[in-house]
Every structure is written in structure tokens, then in C-alpha cells.
Amino acid sequence: MKRLEGKRILVTGAASGIGQSTALRLLDEGAAVVAADVATEGLDATRAHADEAKSAERLTTIRMDVANEDSVVDGVSLAAETLGGLDSLVNAAGILRAWHTHQTTLEQWNQIIAVNLTGTFLVVREALPALLANSRSSIVNFSSTSASFAHPYMAAYAASKGGIQAFTHSLALEYAKEGLRAACVAPGSIKSGITDATGGYLPKDADWSLFPRLMPILPATTESSGAGMAEPNAVAGVIAMLVSDDGAWITGTEIRMDGGTHA
Ligand SMILES: NC(=O)c1ccc[n+]([C@@H]2O[C@H](COP(=O)([O-])OP(=O)(O)OC[C@H]3O[C@@H](n4cnc5c(N)ncnc54)[C@H](O)[C@@H]3O)[C@@H](O)[C@H]2O)c1
């Protein structure tokens, strides 16, 4: 029997990168998955991969903007209805932008916070009733190594990810007696839409001498923006473990996957 057979899981940010790889891994391990994202073309690609893997009959894709309250209310309700309940939630949707902090506008700051932090809150809030209807359930939120270690020009992003970590710890305690586990993954240097675009986001006068602090020590499996990276499935497998019974004693913590950058 596969580890996640019978599990009903909502994955946000599932049109690209780590969220897409996670949705496919959860399907491979037997789960029924609702893959949600704003990017409908990317969701079509997720479906095409699931078709190839012969797991598409357990996949539903829905358009959901995590930064929009109405969209989240409708999307989570549709996901729970489609799956007949929810055992786990994986909140991978996120954006990265980079600026000098002294040049960051309030609009730019609010955009990062709205998608990453408020988006995570909204999806969790709407999913909690369905999750808590089970004796055991789990949430995996996406922090980042930038929440705990210095990343230049990414202060707004780092603040949003630090907020997600603190939010997740609170959830872990508040709902532990109801069987809910809540943990964060903190990836670093994973090839994805975000990291492919990072070079383009950085200020033109970025000081490159600040970046050697962000390099993995493990041999990289791929290249992105000129830097060594791992494939998204390096994170997807850990998420599959976290939502499975193998993660039964893990809550209120982060698992860092950065190829040893911050060893
Ligand atoms: N790649 C890394 O090295 C790394 C490191 C640390 C944290 N993360 C986090 O991993 C998560 C996944 O990102 P990724 O690296 O796979 O990048 P990605 O760009 O490939 O995937 C992010 C996905 O989120 C979706 N998204 C963006 N805004 C959305 C919204 N408002 N509503 C719904 N979906 C939305 C995008 O369409 C995209 O499909 C993010 O939370 C990111 O911050 C990634």
C-alpha cells in the first residue's frame, strides 16, 4: 500500500516549481490532490505531468488567488467538496521580489506580504474546519532560509517568511490537542520559477560580494541564474514525509533544505 493512499490534500502554488513537484509526488504516493494556483497554464502543465504518470484521475486543478479573500473562500470550499474533506494542506504559493530596502515602496511591501503571509493565513483559516473534522491532520507552510539568515535586497520577502514561521508555531500549539500538526519547510537554492527570475529582480547596482554567503556546500544538480541549485523534488519528498504518518511526531518546527548553505 502506498504511504498516502486515501489522503485528501490541497496544494497551493501547484502550477510551478516546488508546489508542482509536490502535487505530483503526493499523487505518486497515492493521495487525491487539488492543485490550486493563479497560473492556469501552469496548472495545465501539472495535469499533463500527472497524465504521463497515470495519476491524473486523482488530480483536480482550480484557479485560486491566495491574496484574494473571496477567491480563497470559494477555492478552499471547492477543494474540500471535491475531495470529500481535507487531511492536509500544503501552502506553496509565493512570490519573490528584490529591492534596496530604502527604495521599497509601500505598494511593493504590501504585495509581498499579501501573497506570502496573508495568503498563507487566508488559506489556513478557510481549511481549518475541514482539517479539524479529522482526528489527525497536517499543514505544511513555506518559510525560507531568508527567514533566519541574511539575504540581501529581500527584506520584505524575508519578513513575510519569518511571519509564516511564527504563524506556524502558533498554529501547532493552538490545535495540537485536535490532532493537527503544523510545520514549515525552509528551502534554499531550489530551481523554480522564483529562482530562475531572481537575477532579473535584483537591483542593477547589487553588490555581488554579498552573495557567496548564499551558496550550497553540496554538489548542485542543476544551474539557475548562474548559481548551483537542487531540483524541486528535493523538497517535495520531505513534504510527502511531513503529511504522512512518518511525520507524526513533527510539529511546530522548520525543516531546512538548502544544500548546507547555512551549515
Ligand atoms: N526556490 C527556492 O529556492 C525557494 C527558497 C525558499 C522558499 N521558497 C518558497 O517555495 C514556494 C514555492 O516557490 P517556487 O520556488 O517553487 O517558485 P515558483 O515561482 O516556481 O512557484 C510559485 C507558485 O506560486 C504561484 N502563485 C504566486 N502568487 C500566487 C497567488 N496570489 N495565488 C496563488 N498562487 C500564486 C505561482 O503562480 C507559482 O506557480 C514559495 O513559497 C517560495 O517562497 C522557494
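The values are calculated or read from the model by the stated rules, or taken from the named source; none is laboratory data. Just so you know, these numbers come straight off a predicted model, no measurement behind them. Positions of Cβ are backbone-derived with ideal geometry, glycine not excepted, and every protein chain shown enters the neighbour counts. The protein model used for the area step is the full one, side chains on, heavy atoms only, and it has no ligands, DNA or RNA in it. Shrake-Rupley method; radii C 1.70, N 1.55, O 1.52, S 1.80 Å.
For segment 90-102, the Karplus equation 6.51 cos²θ - 1.76 cosθ + 1.60, evaluated at θ = phi - 60°, returns couplings of 10, 9, 8, 4, x, 10, 10, 9, 9, 8, 4, 4, 6 Hz by residue, with Gly and Pro reported as x. Amide H contacts of Thr222: Met229, each under 5 Å away and 5 or more positions distant or on a separate chain (H built 1.01 Å from N in the peptide plane; Pro and chain starts excluded). Counting only alpha carbon atoms, the long axis of helix 17-28 and the longest principal axis of the chain meet at about 30°. Between segment 170-243 and segment 20-50, the C-alpha centres lie 19 angstrom from each other. Loop sites by DSSP among the trypsin sites (Lys or Arg not before Pro) of the chain, restricted to those with at most 12 other Cβ atoms within 10 angstrom, leave 55-203 as the longest stretch without any of them.
Expressed as a whole percent, the accessible surface of the chain that belongs to carbon and sulfur atoms is 54, based on a 1.4 Å probe.
For segment 196-263, the set of chymotrypsin sites (Phe, Trp or Tyr not before Pro) satisfying both a DSSP loop assignment and a count of at most 16 other C-beta atoms within 10 Å is given as Trp249.
Computed about its Cα centre, the charge dipole of segment 129-233 is approximately 280 debye, with only Lys, Arg, Asp and Glu carrying charge at their Cβ.
Once backbone amide H atoms are built at 1.01 Å from N, Arg256 has Ala186 as its partners under 5 Å, excluding neighbours fewer than 5 places away on the same chain. Amide hydrogen proximity for Ile190: with H placed 1.01 Å from N in the peptide plane, the residues at 5 or more positions away or on another chain lying under 5 Å are Ala230.
Going 7 Å from the Cα of Ser209 toward and past its Cβ, which residues in segment 151-166 have a backbone nitrogen under 20 Å from where you end up? Within reach of a label on Ser209, which here means backbone N under 20 Å from a point 7 Å along Cα→Cβ, segment 151-166 contributes 151-154. Bridges between two residues of the chain, per DSSP, are antiparallel at a rate of about 10%.
In this structure His169 has an accessible area near 80 Å², from a 1.4 Å probe over the protein heavy atoms. Computed over protein heavy atoms with a 1.4 Å probe, the accessible surface of segment 8-257 works out to 44 Å² per residue.
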